[in-house]
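The values are calculated or read from the model by the stated rules, or taken from the named source; none is laboratory data. If you're wondering where the values come from, they're calculated on a predicted model, not measured in any experiment. Every residue, glycine as well, gets a Cβ built from its backbone with ideal geometry; the counts of neighbours run over all protein chains shown.
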C-alpha cells in the first residue's frame, strides 16, 4: 500500500550553520516529485543557549525566505545535538516531512501574525500542518508561561480554520529543561497542564493524538502538530503499558494544579486517507504499566522500547513496518550501542539519532516512529 506521508532526514557535515544550509540546499530543493509536497521541516542544531538558538533560527528563516518566498513549508528548530555513526556530530540536521497529494486537492499557505501554517484539501477532508514556538513568535522567558501561550496560539489558528482540537492526529512537544523546575513547577508537568487546558474543549471520543514530549537544551517550548478532519483514525494501545492519560499521581510531578494533569496522548494513532494508512508511533521508552525500567542500561532499555513498538505495529497489521524513526539518546557514550540495537531492529528504516533529555530522569532512550503497510 502506497503511503501518503513520509519523512527523510539529512545531516550536514559542515562546520557552521551557513555552510550547513548551503550543504543541505541541493538535497532539499527539488524533492517535490510525484506530487509529494514538502509540508514540514524540523531542524536540529547543537545549541545550548537562547542567544545561539535565536541566531540559528534567524539563519534558517533567511534561508527559507530566499528559497520559498511564496509557499514556505512549516518549520521548527529543535535544540538537540545531531548524532551519527561513532557519535560523530553534524552541525545541523533536518527532517523533511512530505505529503503526497491528489490532483484535485488544494494547498493553501496562511499566517496568523508571524506564524505560518498549511491547510491541505477541501471539505470534508482537510489537513492542517502547524508549528508554534520561539522560532516564529514572541514568548515570555518563563517556560511554564510559554506553555500556556503556545497552546493559545495553536487554538486560535485551529478555530480560525475550522479544525476542532480533537482533530489533532500527531503532536510533538519540545520542552527546554524538561525535568527542571521553575517556581516549583516541573517543565514537563507545566506542558501537560497547559495541554490539558487546550484539549478541554474536545470530546476525544476516538482517543488522543499520538505525541512526543522530549527535552531540548534551549528554545523554551515548541509545539508541532498535524490535524485532520474527514479522515478515518483510531488510537492503538500497548497491552504492556498503561495509557499515559490514566497514569496515577505516583508517577506525575508537581505542577501548578493540586492534582497534576496526566500526559494526554495515545501510544500510537492510525490515520487512513486517500487509500493509504499511516501509523504515528508516539515517543516510546522502557516503561511497563506505568513504571520506568530505570535499573536497565541503555542497551536493555532500547530492547524493551523496540518490543513496545512491536506491540503497536503488530496490532495495526502484521505487515506494518517502521519506515522512519527518531532515536533520542540521553548520553553520547551510549550512542554506538543504542544505534546497533536500533539498526538491527529497523534495518531498512530512515533512522535519525539525537542527544536529548527524556521526560523521566531514569530513562536513557526514547524512540518515535512512522510506520506504514
When restricted to 63, 43, the only residue at pLDDT 95 or above, in contact with a helix residue (DSSP H, G or I) (Cβ under 6 Å, 6 or more places away or on another chain) and either within 30 Å of residue 228 (Cα to Cα) or assigned to a loop (DSSP other than H, G, I, E, B) (or both) is 43
Note: among 219, 207, 184, 213, just one is farther than 18 Å from residue 267 by Cα and buried (at least 18 other Cβ atoms within 10 Å of the Cβ), namely 219
Every listed condition ((1) surrounded by fewer than 20 Cβ atoms within 10 Å (Cβ to Cβ); (2) more than 27 Å from residue 206 (Cβ to Cβ); (3) in contact with a helix residue (DSSP H, G or I) (Cβ under 8 Å, 6 or more places away or on another chain)) holds for residue 155 save (2)
**Filter pass, residue 86 being modelled with pLDDT under 95 and either over 28 Å from residue 3 (Cα atoms) or part of a strand (DSSP E or B) (or both)** = yes
Any residue at all in the range 18-29 that is in contact with a strand residue (DSSP E or B) (Cβ under 9 Å, 6 or more places away or on another chain) and assigned to a loop (DSSP other than H, G, I, E, B)?
no
Filter the range 311-326 for residues that are in contact with a strand residue (DSSP E or B) (Cβ under 9 Å, 6 or more places away or on another chain) and part of a helix (DSSP H, G or I); the one that is surrounded by the most Cβ atoms within 10 Å (Cβ to Cβ) is 312
Scanning the range 113-144 for residues that are buried (at least 18 other Cβ atoms within 10 Å of the Cβ) and more than 19 Å from residue 39 (Cα to Cα) gives 134, 139, 143, 144
Subset of the range 184-201, residues more than 21 Å from residue 366 (Cβ to Cβ) and part of a strand (DSSP E or B), comes to 185
Discussion item. Please verify whether residue 324 is under 26 Å from residue 217 (Cβ atoms), in contact (Cβ under 8 Å) with a residue 40 or more places away in the chain and more than 20 Å from the chain's Cα centre (by Cα), treating the condition exactly as stated.
Written reply: no
Residue 93 meets each of (1) touching a residue at least 60 places away in the same chain (Cβ under 8 Å); (2) closer than 18 Å to residue 5 by Cβ; (3) touching a strand residue (DSSP E or B) at 6+ places or on another chain (Cβ under 9 Å) with one exception, condition (2)
- Filter result for residue 179 (part of a loop (DSSP other than H, G, I, E, B), touching a residue at least 24 places away in the same chain (Cβ under 8 Å) and farther than 19 Å from residue 42 by Cβ): yes
Determine, yes or no, whether residue 19 is farther than 21 Å from residue 138 by Cβ and surrounded by fewer than 16 Cβ atoms within 10 Å (Cβ to Cβ). yes
Heads up, the strands (runs of 3 or more DSSP E) in the range 202-272 (entirely inside) with at least 3 residues that are free of Cβ contacts under 8 Å to residues at least 12 places away in the same chain, within 16 Å of the chain's Cα centre (by Cα) and on the phi < 0 side of the Ramachandran plot are none
Exactly one of 52, 76, 103 is assigned to a strand (DSSP E or B) and either more than 13 Å from residue 354 (Cβ to Cβ) or modelled with pLDDT of 95 or more (or both), and that residue is 76
